[in-house]
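S.K.: Quick one: the structure is below, questions incoming.
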Amino acid sequence: MSERGVERRQFGHRAELALSPVQCAKLDAQAHAARAMWNQLHDLWLMTPKCQRSLARLDQTLRQARKDFDWYAVLPAQAAQAVLKTYLQAWKNCWEGRAEGPHFKTRHRTALTVDIPQGRDLNISRVHRRWGMVNIPKLGRVRFRWTRDLPVGRHADTANRITGARLVRDDLGWHIAFRVQTLEPAPAPHPGPEVGIDVGVTVALALSDGNHHRHGAWLTDTEQATLLRLERRAAGRKAHRKPGTRTSRRLHHTYDRIHGLRARAKRRHQDWQHQTTTRIAATYGTVVVEQLQITNMVKSAKGTLERPGTNVAQKSGLNRAISSEAWGRTVTMLAYKTTRHGGTLHKVPAPGTSRRCSHCQATTPGSRESQALFVCKNPGCGWTGNADHNAARNILHLYRTGHALVPAAGRAVARRARRVKPTGASQAGNSPR
Ligand SMILES: [Zn+2]
């Protein structure tokens with residue numbers, strides 16, 4: 001027994017499912033039933049007066065609906081209960097300020113999911129070096145890709161086990177996401193150095209110690225050319241379609257191929273992110289990043305009619321879309337990976353880090369000569385360096401001078417400065433007498 005003790009860890013593990021076309025269609029039907037059920041619950045919730053909303057009422061409607069409509073019955077009862085639970089959780093997340101309230105789920109833009117809430121129903125076994133088998137309700141035994149050791153069979157006990165799963169469909173097909181719970185020795189504090197990280201323009205991730213992490217294009221030249229051709233073809237077909245007519249089967253097929261290629265690019269990007277963040281978390285004890293500014297990212301690049309945006313084409317491209325959503329994911333990965341390695345992740349407020357000089361701390365106009373080069377225009381300084389590294393050094397400096405944000409209700413907020421009033425002043429000024 002180590003003196004540091006053990007800690008419970010919960011994480012997800014995603015694996016590819018090997019399904020036949022018939023099984024795929026069955027799962028699609030289940031997922032659409034779950035989606036319809038969500039919409040019915042939401043509809044009911046909105047129609048019911050506030051004082052009459054209750055779990056019992058929703059549950060009763062759900063049971064009745066499963067009796068009334070045949071196509072609801074394709075969804076296993078456990079999965080239907082999970083829809084109700086997720087729906088109520090969505091409201092809870094909204095009330096506690098973590099997310100927006102639930103919306104209706106549209107047919108085309110919603111991720112298809114089916115829950116298997118109970119781990120014991122899964123009955124997982126390993127049948128080959130690279131394949132495992134899992135029970136899926138109403139589908140039977142299905143193979144999945146075995147890429148990491150899971151606590152199943154004789155490796156499972158009350159502390160180390162799989163507590164449930166969710167089936168998720170993306171553009172590359174159906175996957176299973178296992179909920180895994182393990183008991184592991186708590187990590188020792190990481191002795192590694194401190195580092196600030198900035199999302200660079202010339203390099204993907206710039207580190208304050210002068211290192212950086214780059215990546216190439218996510219699609220090969222051939223794939224890029226295919227994607228461009230498909231996108232043009234889809235645009236052409238869409239333009240020639242008479243308004244009000246149904247989207248043709250051929251156009252749907254083209255859309256599917258476009259989505260497939262985009263999903264492939266995203267998958268490669270995620271793989272790179274996982275490798276990079278693991279390396280960073282293993283090397284550094286304290287990692288400092290910028291606080292993500294969600295409002296800026298959601299804002300349209302097009303701007304408004306009175307004040308149109310600049311570089312709209314560059315900002316709205318595929319790569320831009322991937323990279324802007326990617327930073328949030330990088331931070332999420334860093335957060336849990338640093339914890340697992342015994343390190344810590346800190347966030348600092350973003351404004352000005354790319355314009356300030358990291359040597360003299362002065363913000364002088366024109367210092368950022370180009371995207372890549374930073375030359376300090378402050379007379380008496382004149383520091384020159386890579387602009388991205390300059391920003392990363394500023395981020396680390398903000399942390400060292402005590403500007404780190406503290407997490408509150410799921411969001412990082414500015415730490416209130418601890419100002420101790422001189423005793424004499426408070427007695428003289430604030431006395432109620
Ligand atoms: Zn300077």
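Rundown of residues vs (1) closer than 28 Å to Trp383 by Cβ; (2) within 17 Å of the chain's Cα centre (by Cα); (3) modelled with pLDDT under 80, yes/no style:
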site: Ala265; (1), (2), (3): no, yes, no
site: Gln270; (1), (2), (3): no, yes, no
site: Val288; (1), (2), (3): yes, no, no
site: Lys299; (1), (2), (3): no, no, yes
site: Thr310; (1), (2), (3): no, no, yes
site: Ala335; (1), (2), (3): no, yes, no
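S.K.: On the basis of being assigned to a loop (DSSP other than H, G, I, E, B), under 17 Å from Arg169 (Cα atoms) and among the basic types (Lys, Arg), does Arg109 make the cut?
M.R.: Yes: the conditions hold for Arg109.
S.K.: Would you check if there is a residue in region 148-164 being over 18 Å from Arg14 (Cα atoms) and surrounded by 14 or more Cβ atoms within 10 Å (Cβ to Cβ)?
M.R.: yes
S.K.: Within region 28-44, is there a residue that is assigned to a loop (DSSP other than H, G, I, E, B) and assigned by TED's automatic domain parsing to the domain that holds Arg109?
M.R.: Checking region 28-44: not a single residue is assigned to a loop (DSSP other than H, G, I, E, B) and assigned by TED's automatic domain parsing to the domain that holds Arg109.
S.K.: What pairs can you find where one residue is in region 349-368 and over 18 Å from Gly382 (Cβ atoms), the other is part of a loop (DSSP other than H, G, I, E, B) and more than 12 Å from the ligand (Cβ to nearest atom), and their Cβ atoms are less than 7 Å apart, with a gap of 6+ or different chains?
M.R.: Matching pairs, first to second residue: Pro349/Gln291; Pro349/His403; Ala350/Gln291; Ala350/Gln293.
S.K.: Follow-up question, since we're still on this one. Considering each of Lys85, Lys92 in turn, give the residue that is assigned to a helix (DSSP H, G or I) and more than 28 Å from Trp174 (Cβ to Cβ).
M.R.: Lys92
S.K.: Would you mind listing the strands (runs of 3 or more DSSP E) fully within region 320-395 where at least 3 residues are within 16 Å of the ligand (Cβ to nearest atom)?
M.R.: Hits in region 320-395: 373-375, 384-386.
S.K.: List the residue pairs whose Cβ atoms are under 6 Å apart, where the first residue sits in region 15-36 and is surrounded by fewer than 16 Cβ atoms within 10 Å (Cβ to Cβ), the second is of a type outside the set (Lys, Arg), and the two are 6 or more positions apart or on different chains.
M.R.: Listed by first residue and then by second, the contacts come to Glu16/His175; Ala29/Val74.
S.K.: Test Arg143 against the criterion of being outside the structural domain of His341 (by TED's automatic domain parsing), among the charged types (D, E, K, R), touching a residue at least 24 places away in the same chain (Cβ under 8 Å) and part of a loop (DSSP other than H, G, I, E, B), and give yes or no.
M.R.: no
S.K.: Pairs please, first residue from region 246-262 and outside the structural domain of Asp171 (by TED's automatic domain parsing), second anywhere and assigned to a helix (DSSP H, G or I) and of a type in the set (Ser, Thr, Tyr), Cβ atoms under 7 Å, 6+ apart in sequence or on different chains.
M.R.: Pairs that qualify, where the first residue is outside the structural domain of Asp171 (by TED's automatic domain parsing) and the partner is assigned to a helix (DSSP H, G or I) and of a type in the set (Ser, Thr, Tyr), are Leu261/Thr226.
S.K.: Could you list all residues from region 185-208 that are surrounded by fewer than 16 Cβ atoms within 10 Å (Cβ to Cβ) and either within 19 Å of Trp272 (Cα to Cα) or touching a helix residue (DSSP H, G or I) at 6+ places or on another chain (Cβ under 9 Å) (or both)?
M.R.: Hits for region 185-208 are Pro187, Pro193, Val201, Thr202.
S.K.: Further, regarding this structure: Whether any residue in region 210-230 is over 22 Å from the mean Cα position of the chain (by Cα), surrounded by fewer than 18 Cβ atoms within 10 Å (Cβ to Cβ) and within 30 Å of Gly352 (Cβ to Cβ) is what I want to check.
M.R.: Scanning region 210-230, I find at least one residue that is over 22 Å from the mean Cα position of the chain (by Cα), surrounded by fewer than 18 Cβ atoms within 10 Å (Cβ to Cβ) and within 30 Å of Gly352 (Cβ to Cβ), so the answer is yes.
S.K.: Which of the residues belonging to region 239-269 are out of contact with any Leu (no Cβ under 9 Å at 6 or more places or on another chain) and surrounded by 15 or more Cβ atoms within 10 Å (Cβ to Cβ)?
M.R.: The answer is Leu251, Lys266, His269.
S.K.: Taking region 122-137 as the search range and keeping residues that are touching a helix residue (DSSP H, G or I) at 6+ places or on another chain (Cβ under 7 Å) and surrounded by 14 or more Cβ atoms within 10 Å (Cβ to Cβ), which one is modelled with the lowest pLDDT?
M.R.: Start the filter on region 122-137 by keeping residues that are touching a helix residue (DSSP H, G or I) at 6+ places or on another chain (Cβ under 7 Å), which leaves 125, 135, 137.
Checking the rest, the ones that are also surrounded by 14 or more Cβ atoms within 10 Å (Cβ to Cβ) come to 135, 137.
Working: Asn135: 93, Pro137: 90.
In this case the residue turns out to be Pro137.
S.K.: Restrict the check to region 191-198 and report whether at least one residue is in a loop (DSSP other than H, G, I, E, B), of a type in the set (Val, Ile, Thr) and either within 25 Å of Val168 (Cβ to Cβ) or touching a residue at least 12 places away in the same chain (Cβ under 8 Å) (or both).
M.R.: So far as region 191-198 goes, no, none of its residues is in a loop (DSSP other than H, G, I, E, B), of a type in the set (Val, Ile, Thr) and either within 25 Å of Val168 (Cβ to Cβ) or touching a residue at least 12 places away in the same chain (Cβ under 8 Å) (or both).
The values are calculated or read from the model by the stated rules, or taken from the named source; none is laboratory data. Bear in mind that the values here come from a model prediction, so they are computed numbers and not experimental data. When we count neighbours, we look across all protein chains shown, and the Cβ atoms used for this are built from the backbone with ideal geometry, even at glycine.
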